[in-house]
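Here the structure comes first, spelled out in structure tokens, and everything after it is commentary.
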Amino acid sequence: MSYDPSNIFGKILRGEIPAHKVYEDDVALVMMDIFPQSRGHVLVIPKAASRNLLDADPAALSAVIPLVQQVAKAVKHVTGADGIRLAQFNEAPAGQTVFHLHFHVIPVYEGVALGSHGGGKADDAELAVLAKDIAAAL
Ligand code: 5GP
């Protein structure tokens, strides 16, 4: 299957839909997941268009992974999480729901089960504070 630019992250990258942005440069946009699996769940979205990892340009992957690491460290620092889960889904049977490559940075808190993938919507005010604090820690 090929990349369809009408996906929701394509719209966010083009500024057609708002997002709680944490960081943006030529390589990627980082934003809060609005249906977080835990407090501080962030998405790193490479700007290079690909459906997922399987059709991504290796050069685009090389450019974005250092940012994923930086974001993971900042999220852990700000949230006080005990660990960070990195997730990335390829095609619907594997759990992918938005077909523009993205990396989930999910804080894990000792003894607290993660919420379901694409579960309840987070409070906008709380997401705005987290986005600002994570941006400051990057
Ligand atoms: P996937 O299932 O494709 O790996 O992940 C898509 C993610 O995007 C899910 O975690 C879901 O909560 C999140 N998501 C879906 N729609 C929106 C949206 O409009 N804005 C933001 N910030 N996240 C979204």
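The table below gives the values:
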{"item": "Some residue of region 70-82 being within 12 Å of the ligand (Cβ to nearest atom), at pLDDT 95 or above and not β-branched (Val, Ile, Thr)", "result": "no"}
{"item": "Leading residue by the ranking (farthest from the chain's Cα centre (by Cα)) among those in region 33-47 that are farther than 20 Å from Ser62 by Cβ and open to solvent by less than 10 Å² (accessible area, probe 1.4 Å)", "result": "Gly40"}
{"item": "Test: residue in region 70-92 that is surrounded by 14 or more Cβ atoms within 10 Å (Cβ to Cβ) and among the hydroxyl-bearing types (Ser, Thr, Tyr)", "result": "yes"}
{"item": "Given (1) free of Cβ contacts under 8 Å to residues at least 60 places away in the same chain; (2) among the hydrophobic types (A, V, I, L, M, F, W, C); (3) crowded, with 16+ Cβ neighbours inside 10 Å, index of the condition Leu54 fails", "result": "(3)"}
{"item": "Selected residue (only one of Leu138, Leu101, Leu130, Leu114 is of a type in the set (A, V, I, L, M) and in contact with a His (Cβ under 8 Å, 6 or more places away or on another chain))", "result": "Leu130"}
{"item": "Selection from region 1-33 of residues that are closer than 13 Å to His104 by Cβ and of a type in the set (A, V, I, L, M)", "result": "Val30, Met31, Met32"}
{"item": "Flag for Ala113 being at pLDDT below 95 and out of contact with any Gly (no Cβ under 6 Å at 6 or more places or on another chain)", "result": "yes"}
{"item": "Residue that is nearest to the ligand (Cβ to nearest atom) [pool: residues in region 1-18 that are more than 12 Å from Ile45 (Cα to Cα) and of a type in the set (A, V, I, L, M)]", "result": "Ile17"}
{"item": "Residues satisfying the stated conditions in region 1-28, i.e. closer than 18 Å to Thr97 by Cβ and surrounded by 18 or more Cβ atoms within 10 Å (Cβ to Cβ)", "result": "Phe9, Gly10, Ile12, Leu13, Ala19"}
{"item": "Hits in region 19-29 - residues which are without any contact (Cβ under 8 Å) to a residue 60 or more places away in the chain, in a loop (DSSP other than H, G, I, E, B) and either within 12 Å of the ligand (Cβ to nearest atom) or hydrophobic (A, V, I, L, M, F, W, C) (or both)", "result": "Ala19, Val27"}
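The values are calculated or read from the model by the stated rules, or taken from the named source; none is laboratory data. All of these numbers come straight from a predicted model, not from anything done at the bench. Glycine also receives a Cβ, built like all others from the backbone with ideal geometry; neighbour counts cover every protein chain displayed. In case anyone asks, the SASA skips ligands and DNA or RNA and just uses the protein heavy atoms, side chains included. Shrake-Rupley method; radii C 1.70, N 1.55, O 1.52, S 1.80 Å.
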